[in-house]
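These notes are about the structure you will find just below.
The values are calculated or read from the model by the stated rules, or taken from the named source; none is laboratory data. None of the values given here were measured: they were computed from a predicted structure. Glycine also receives a Cβ, built like all others from the backbone with ideal geometry; neighbour counts cover every protein chain displayed. The area values use the complete protein model at the heavy-atom level, side chains included, leaving out ligands, DNA and RNA. Shrake-Rupley method; radii C 1.70, N 1.55, O 1.52, S 1.80 Å.
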Amino acid sequence: HYLLGLARYAQGDVPGAASALHTAVELQPDLSAARFELGLHALHDLRYEDAAADFESVLSRTPEHADARCLLGTALLGLNRSDDALRSLEEAVRINPTYTDAHKKLALVHYRRGELEQAEAALEVALATRPGYADLHKIRGDIYMHRGDTGAARAAYARATSINPDYAEAVFGSVIAMRREGRGREADELLRGFIATHPEDVMARTLLTVDRLPIPQA
């Protein structure tokens, strides 16, 4: 049933896959691999409570499972349980000190808590292992924006978009930074270039039409 569930996910049959995996767990409650897959798909569907329960089940049998620790932290963050998320992610990096995604998520937790120095420290560790990870540069840009350093923020967002030119959030960060610096014309040119290749992006078109409205702080 576990293998059948994987096969059905690969075929795009999500309900059939979930049914097969649930059957696998019912028949063999200690089958952590099936629980882990259920947690992954619950997390993908933003069903954070279900995901947390699945990853906690995996960890009750394999407490040194770094991926389950990291993903549990992600689910807990989705539930706004930042203290618990922080503990889970710290355990993930204890188990695997070079776990880039866990360090990235640690940075996000600290950033959302306003703990900017800790967020930067986590980012530095992640960047040391994966300097070409666009998400890390985008988060760094957000931290600089929070501090009011728009020049450093623009540089970080530019680095993110140099790695991934389709990274909309980094483009929007650059636009907001430029506008705060009074460089509205450049910001509009950047937006128009992005819209030319992504005409379906509603947020980009909205930003272009509200250039004279106050931009909220990041």
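Details
- Angle between the chain longest axis and helix 100-112 axis [Cα atoms, degrees, rounded to 10]: 60
- Segment Arg87-Ala53, extension gain: residue separation times 0.36 nm, minus the distance between their alpha carbons: 10.6 nm
- Using only Cα coordinates, the Kirkwood hydrodynamic radius of the chain works out to 19.2 Å.
- Nonlocal amide H pairs with His65, under 5 Å, H built at 1.01 Å: none
- Of His44, His103, the residue with the largest accessible area leads and the full order is His44, His103 (1.4 Å probe).
- Between Gln11 and Val202, the contour length at 0.36 nm per residue exceeds the alpha carbon distance by 65.7 nm.
- Between helix 116-129 and the chain: long-axis angle, C-alpha atoms, 0 to 90°, nearest 10: 70
- Whole-number accessible area per residue in Å² for segment 107-187, which is evaluated in the context of all protein chains at 1.4 Å: 45
- For segment 123-218, the fraction of alpha-carbon pairs in successive 5 Å shells from zero, as %: 3, 15, 25, 24, 20, 8, 5, 1, 0
- If R0 is 45 Å, the Cβ-Cβ spacing of Ser60 and Glu189 corresponds to a FRET efficiency of close to 0.25.
- Dividing the Cα radius of gyration of segment 7-78 by 2.2 N^0.38 Å, with N the residue count, gives 1.04.
- Of the GluC sites (Glu not before Pro) in segment 42-114, the ones in a loop by DSSP (not H, G, I, E or B) with at most 13 other beta carbons within 10 Å are Glu64.
- Alpha-carbon centroid distance for the pair segment 134-198 / segment 32-96, whole angstrom: 31
- For segment 168-185, putting each phi into the Karplus relation 6.51 cos²θ - 1.76 cosθ + 1.60 with θ = phi - 60° gives couplings of 4, 4, 5, 4, 5, x, 4, 4, 5, 4, 4, 5, 5, 8, x, 9, x, 5 Hz, in residue order, rounded to whole numbers and with x for Gly and Pro.
- Cleavage-rule hits, GluC sites (Glu not before Pro), segment 137-218, DSSP coil, Cβ neighbours within 10 Å at most 15: Glu181, Glu200
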